[in-house]
């Protein structure tokens with residue numbers, strides 16, 4: 001019998017009828033004694049069981065029979081040596097297959113097992129088959145494990161036991177039985193071998209689990225077909241999918257050995273379904289904390305409702321990560337926003353509730369709310385159809401008691417809103433190719449530390465990342481790139497917003513935001529805005545600009561540090577306050593603006609980079625530090641860097657406290673802003689009262705509330721030219737606008753003084 005045709009090897013020894021000169025009575029090596037002409041061996045021409053065969057008289061304690069040909073031993077090849085034997089007369093012997101292991105240079109390889117199992121002959125004339133398997137590997141059923149050192153063998157058999165018996169032996173058979181070990185040699189187990197049908201109807205779950213158990217570290221192969229799994233299936237080993245699986249939506253496929261998106265896509269035969277089932281698995285077993293998308297791009301034609309995909313959980317607060325992939329929003333009606341209008345009533349006593357809402361059932365949770373007296377980025381957090389109420393993400397600053405509202409539900413590629421709470425969730429190295437068709441991510445209504453890291457949100461239709469509740473608590477956006485879909489649109493005509501925050505402690509770090517209407521709208525406090533670049537310019541000349549980072553909580557306790565703020569401004573309001581007039585609360589304060597680069601080009605000369613807009617009366621500044629920044633206007637100058645938008649209400653400058661503007665540089669700015677400001681004044685003629693005006697330098701048009709120092713430079717002299725040593729007293733908040741300082745002397749004098757003036761009380 002040949003081994004494999006491609007190997008070209010002859011394994012079978014010649015028949016005994018060809019003579020006994022190639023059959024050794026020793027080890028089979030060249031020069032060893034043969035049975036040719038031996039007195040204890042002969043040929044039998046016509047045995048009734050064997051036909052031609054050899055007959056031996058046992059004369060030695062271990063009588064050997066070895067083929068003198070060299071049978072090759074190849075790695076991965078397994079040989080079975082067998083012979084049929086029968087006792088004729090005399091003492092009954094014991095028979096076993098045996099061999100001699102030969103290495104390079106025809107030397108014997110010692111220390112190996114060179115005999116197979118022994119079989120006793122118990123009855124005369126009974127044909128007994130004896131065999132043994134020889135191979136290089138330690139596998140079940142291999143009798144002689146020879147490893148890699150032997151390169152050939154001399155094979156035959158041994159007669160042991162009592163001497164004097166006569167034994168006849170049929171021709172020796174050497175055959176390649178490597179195929180018998182294929183199941184163990186292959187790196188996969190086929191589910192069909194364990195009963196899987198693959199007709200899409202029969203429940204193949206048990207077959208999958210049995211194959212996984214048998215695999216024991218090898219792969220599980222799912223060949224062509226559709227395999228129905230009626231219940232949860234968890235597979236420990238890697239799985240290769242040539243066919244696909246189908247299962248109820250609420251049942252989970254857990255690929256513990258190959259938990260990555262490409263395997264789920266192969267399993268279910270569909271990218272979006274594969275992602276949903278992989279996400280479902282991610283939230284329901286602990287072997288993996290992250291889902292690797294494997295660099296795959298998923299074509300999405302409608303929002304992915306993640307809560308519906310998971311199917312069993314309302315909240316999830318264990319760290320999970322989705323990484324390394326791309327979502328591409330394909331144009332289609334699935335992305336069209338849903339719009340509802342309704343009349344509703346509002347009371348500041350229930351600041352986050354609309355009541356008496358008509359057709360409330362048609363209003364979708366997560367909808368943007370617009371109408372008179374509604375601030376920016378107010379969303380529907382929940383609704384109660386029976387009660388006719390809608391819960392809002394933020395209070396309204398000034399609607400009528402009853403009025404009409406519009407509710408617009410944008411459509412997001414990843415929609416977490418079906419959960420009630422999600423915490424510790426991270427998206428990293430994922431690109432959202434919104435293509436002007438879809439928005440990016442809608443957070444859950446509650447949760448903490450949602451983290452977006454090293455991601456791209458490219459051309460969202462309406463919003464990049466939206467929070468419609470408190471799921472943005474401790475929101476973290478790091479090293480991401482947001483590009484709007486409104487590149488060629490005038491800044492004032494844009495509608496897109498990169499992100500919004502309703503809760504506290506957002507960390508927005510090292511990102512790039514390009515040409516949105518607003519980069520961020522942030523309620524709450526404790527925010528860190530560090531190392532970002534946002535720009536919102538357009539191609540217009542002498543054009544207005546809009547707020548980049550918009551803070552809607554007055555006492556923000558936040559830091560804006562090391563950013564590149566380009567053709568937009570920091571806007572500071574209290575528009576998310578149901579009682580926007582100052583009451584028992586903190587007013588505008590707690591903001592630190594340090595080390596930023598402020599740039600604008602081709603803007604109207606009244607443009608400012610820091611704008612406070614009170615939505616109610618009585619507010620004031622009680623803590624603002626603007627230090628170490630660079631302000632630069634290109635292609636035209638602007639009047640100053642800061643202002644108050646008093647279109648609704650102004651500030652009470654009589655209560656300003658702890659305002660610092662210092663160490664900044666001004667380029668292309670007509671009037672620098674400094675507080676405290678130290679200026680030199682010259683009185684050329686004698687006067688009892690000197691009126692000094694430093695108000696141009698004071699922030700926001702504030703009053704001259706304090707004069708910490710007055711220092712004469714040289715002599716202050718009277719009409720006679722004599723030096724006057726007395727000091728003046730100071731009147732602050734002087735003049736009709738309370739923005740002047742008056743120095744009153746004991747007599748009319750002239751001279752030069754250096755005066756430090758403040759628009760605030762630092763104490």
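The values are calculated or read from the model by the stated rules, or taken from the named source; none is laboratory data. Values in this document were obtained by computation on a predicted structure and should not be read as measured data. With ideal geometry, Cβ positions are generated from the backbone for all residues, glycine too; neighbour counts draw on all protein chains shown.
Some points to look at:
- Residue, nearest to residue 73 (Cα to Cα), within segment 97-124, restricted to residues that are in contact (Cβ under 8 Å) with a residue 40 or more places away in the chain and assigned to a loop (DSSP other than H, G, I, E, B): 103
- Filter result for residue 396 (farther than 29 Å from residue 456 by Cβ, out of contact with any helix residue (DSSP H, G or I) (no Cβ under 9 Å at 6 or more places or on another chain) and not assigned by TED's automatic domain parsing to the domain that holds residue 277): yes
- Criterion: within 26 Å of residue 433 (Cα to Cα) and surrounded by fewer than 18 Cβ atoms within 10 Å (Cβ to Cβ) - qualifying residue of 343, 331: 331
- You will find that of 84, 148, 96, the residue that is more than 27 Å from residue 56 (Cα to Cα) and in the same structural domain as residue 52 (by TED's automatic domain parsing) is 148 and no other.
- Filtered residues of segment 298-325 (kept if more than 24 Å from residue 446 (Cα to Cα) and touching a residue at least 40 places away in the same chain (Cβ under 8 Å)): 300, 324, 325
- Members of segment 519-535 that are assigned to a strand (DSSP E or B) and within 24 Å of residue 448 (Cβ to Cβ): 519, 520, 521, 522, 528, 529, 530
- Counting only strands (runs of 3 or more DSSP E) that sit wholly inside segment 467-508, those with at least 3 residues that are closer than 17 Å to residue 436 by Cα and at pLDDT 95 or above are 481-483, 497-501.
- Condition broken by residue 488, with the remaining ones in (1) in contact (Cβ under 8 Å) with a residue 40 or more places away in the chain; (2) surrounded by fewer than 21 Cβ atoms within 10 Å (Cβ to Cβ); (3) touching a strand residue (DSSP E or B) at 6+ places or on another chain (Cβ under 8 Å) satisfied: (3)
- Restricted to strands (runs of 3 or more DSSP E) entirely inside segment 165-237, those with at least 3 residues that are touching a strand residue (DSSP E or B) at 6+ places or on another chain (Cβ under 7 Å) and surrounded by fewer than 18 Cβ atoms within 10 Å (Cβ to Cβ) are 199-203.
- Single residue of 390, 369 found to be outside any loop (DSSP other than H, G, I, E, B), touching a helix residue (DSSP H, G or I) at 6+ places or on another chain (Cβ under 9 Å), on the phi < 0 side of the Ramachandran plot and at pLDDT 95 or above: 390
- Hey, residue 354 crowded, with 19+ Cβ neighbours inside 10 Å, within 21 Å of residue 616 (Cβ to Cβ), at pLDDT 95 or above and over 33 Å from the mean Cα position of the chain (by Cα) or not: yes
- Segments classed as strands (runs of 3 or more DSSP E), wholly inside segment 1-96, with at least 1 members that are farther than 29 Å from residue 162 by Cα and in contact (Cβ under 8 Å) with a residue 24 or more places away in the chain: 78-89
- Test: residue in segment 127-136 that is surrounded by fewer than 17 Cβ atoms within 10 Å (Cβ to Cβ), at pLDDT 95 or above, in a loop (DSSP other than H, G, I, E, B) and assigned by TED's automatic domain parsing to the domain that holds residue 26: yes
- Selection from segment 602-627 of residues that are more than 40 Å from the chain's Cα centre (by Cα), assigned to a loop (DSSP other than H, G, I, E, B) and over 30 Å from residue 538 (Cβ atoms): 616, 617, 618, 619, 620, 622
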